[in-house]
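**Student:** The structure that follows is given in the form of structure tokens.
Every number here is computed from the coordinates shown, using simple stated rules; none is lab data. If you're wondering where the values come from, they're calculated on a predicted model, not measured in any experiment. Cβ placement follows ideal geometry from the backbone for every residue including glycine, while neighbour counts extend to all protein chains displayed.
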Amino acid sequence: MSCPINKEALDKLKQFITICKSNPAILHLPDLSFFKEFVESLGGKLPEAPKMSEGPKVEPKEEPEEIPDAPTESDPESELEFDMTGCVEPDKLDDNQKMGDPSKELSEEDTDKADEKRMEAMSQLSEGNIEKAIELFTEAIELNPNSALLFSKRGQAYLKLTKPNACIRDCTRALEINCDSAAAYKFRGRAYRLLGEWELAAKDLRQACNIDLDEQIDEWLKEVTPNAKKIEEHLLKKERKKKEREERDRMERIRIAREAHSKAATHDKADEDIPTAPGEGGAGMPGMGDFYKLLQDPEIMTAFQDQKWPKHSRISR
């Protein structure tokens, strides 16, 4: 009877048998159950299946640490104490504060009438008839709605009535018309002071000083400067702390990233050291890579599974 397996397949079969002789325990592998049954059917005895050695334990990867959000700081002004002497409750704006139509085409007659109304209003203001003065300024504004002087003067009248919001509205309109109106900055700055808006007050009064300094502006500016400086210094300190906190957070993120990278590299190395599935060998079984290559050869598998072997009564080891 001629050998049903060619020489190349026989050489591979010899390699397989050599591996089995050096490590019979591999016959307990599920992939070789057919060969194990064949050996046992011929009376062969196999050693007990050994306990597979465990590979190195790999600790579960830790989730990256989270940097807790910094507590929200309260409004800087609420953390400071101010001398609020002279401050008033804010006034409510009403429809009687007419602003005129800025798109109106101004005639020479309108200009003349507006000037007359302004002169009358100034006279009433000097006499202490503030309500009447506001009424006349309003008539003048309706005649000439693009006069920064009229709005700043009416704003001054509202300030005398302790109506800071109405004053701010008029002075803001005056500055929209003429951004260099010292009077508008002066009276709006004073109105902000009455509302306790120290920073805004100081800003407007400083600007008024830059345009046209007078004794009253200087006096009002000195009055608001201490509180304004408190806020400015506090904001600078807060900004410095914010930058320091951001730098600490950045360094902490770098530290966490480095630790995570180091742990990941350790885990990856551990994974490489653990033998896994076919082709890479099993833990405690050297030479399994070559063995699995033999199993993957179709000629070897055909030789074991499809050929009819001569029967013997017993095969002893």
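**Student:** Which residue out of 209, 167 is within 22 Å of residue 92 (Cα to Cα) and buried (at least 18 other Cβ atoms within 10 Å of the Cβ)?
**Tutor:** The conditions single out 167.
**Student:** Could you check region 194-214 and list, in sequence order, the residues that are in a helix (DSSP H, G or I), under 37 Å from the mean Cα position of the chain (by Cα) and in contact (Cβ under 8 Å) with a residue 60 or more places away in the chain?
**Tutor:** The one that is in a helix (DSSP H, G or I), under 37 Å from the mean Cα position of the chain (by Cα) and in contact (Cβ under 8 Å) with a residue 60 or more places away in the chain: 198.
**Student:** So, in region 174-193, how many residues would count as being assigned to a helix (DSSP H, G or I) and free of Cβ contacts under 8 Å to residues at least 24 places away in the same chain?
**Tutor:** The total comes to 1.
**Student:** Check 152, 103, 107, 123 and return the single one that is small (Gly, Ala, Ser) and within 30 Å of residue 229 (Cβ to Cβ).
**Tutor:** Answer to the check: 152.
**Student:** Scanning region 15-38 for residues that are over 13 Å from residue 49 (Cα atoms) and without any contact (Cβ under 8 Å) to a residue 12 or more places away in the chain, which turns out surrounded by the most Cβ atoms within 10 Å (Cβ to Cβ)?
**Tutor:** 20
**Student:** While we're looking at this one, here's another question. Within region 216-270, can you find the residues that are of a type in the set (A, V, I, L, M, F, W, C) and under 30 Å from residue 195 (Cβ atoms)?
**Tutor:** Across region 216-270, the qualifying residues are 217, 220, 221, 224, 228, 231, 235, 236.
**Student:** Pull out all pairs, ordered by first then second residue, where Cβ-Cβ is under 6 Å, the residues are six or more apart or on different chains, the first lies in region 96-121 and is under 22 Å from residue 169 (Cα atoms), and the second is assigned to a loop (DSSP other than H, G, I, E, B) and of a type in the set (A, V, I, L, M, F, W, C).
**Tutor:** The qualifying pairs do not exist here.
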